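Here is the structure we will look at, set down as structure tokens.
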Amino acid sequence: LLQNPRISFDEVRPQLPGQQYPGLGIGDRMLQILIIMTRRLRLEGLINKPRYYHTAFMFTKDFVFTNPHNQAILFSINRDLLTKYRLHTVAWAAHFDCIINHMTGQTLIWDTDYLILPLEKYLLKYFHSKEYQKAVEDKMKRYKFIIDLNKFQKIMQKNKIPIYEKLF
């Protein structure tokens, strides 16, 4: 789990969904080991299916969603919410279904999909192609995300999860 049971959560290292303890901060090193193994085994890439928004967010430094629709949702959340709130807040809002597409009024249900870290040229070419990028951009136009702050605060209080920022 790459978690450290010797330290506690605090404002600097707030709890994220799925965590029992703060992270170790070695995810990038572990990924480098996996990349070395993948290349050594002559595989085409790595596949990951992140359970939570925040893990998808962290992985998309290197990975891309295989489905442009999911890439568009993640990029839209980042664009609309991470400019206003900390990752901790957005992660819990996604986890507790408190993110709303303001354009449609529909609640976003975080339903993850596969991420890929392509290592072969043909895969890299596809995920960097104008076709894939345009599909992501076109789908992003369908989203303008906000957080239902009242619902969010109630759920966080009920679950006794601290909020480390002023929301209103």
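The values are calculated or read from the model by the stated rules, or taken from the named source; none is laboratory data. Computed from a predicted model, the values in this text were never measured in an experiment. Here the Cβ positions follow ideal geometry from the backbone for every residue, glycine too, while neighbour counts run over all protein chains shown. Heavy atoms of the whole protein, side chains included, go into the accessibility calculation; ligands, DNA and RNA do not. Shrake-Rupley method; radii C 1.70, N 1.55, O 1.52, S 1.80 Å.
Scanning segment 29-52 for residues that are within 15 Å of the chain's Cα centre (by Cα) and in a helix (DSSP H, G or I) turns up nothing.
For segment 157-167, state whether one or more residues are in a helix (DSSP H, G or I), open to solvent by less than 70 Å² (accessible area, probe 1.4 Å) and closer than 22 Å to L82 by Cβ. Talk me through it step by step, then tell me what you get.
Of segment 157-167, the ones in a helix (DSSP H, G or I) are 157-158.
Filter once more, so that each one left must be open to solvent by less than 70 Å² (accessible area, probe 1.4 Å): none.
No - not one qualifying residue is present in segment 157-167.
A Cβ distance below 9 Å, combined with a sequence gap of six or more or placement on separate chains, defines the contacts here; from segment 38-55, residues that are among the polar types (S, T, N, Q) reach residues that are assigned to a loop (DSSP other than H, G, I, E, B) in the pairs T38/E44; T38/L119; N48/F63; N48/Y114; T55/L16; T55/P17; T55/G18; T55/T112.
Of all residues in segment 19-28, those satisfying the criterion of being within 17 Å of the chain's Cα centre (by Cα) and open to solvent by 50 Å² or more (accessible area, probe 1.4 Å) are G25, D28.
Within segment 112-136, count every residue that is of a type in the set (D, E) and within 26 Å of I35 (Cα to Cα).
Of the residues in segment 112-136, the ones of a type in the set (D, E) are 113, 120, 131.
From what's left, within 26 Å of I35 (Cα to Cα): 113, 120.
Total satisfying the criteria: 2.
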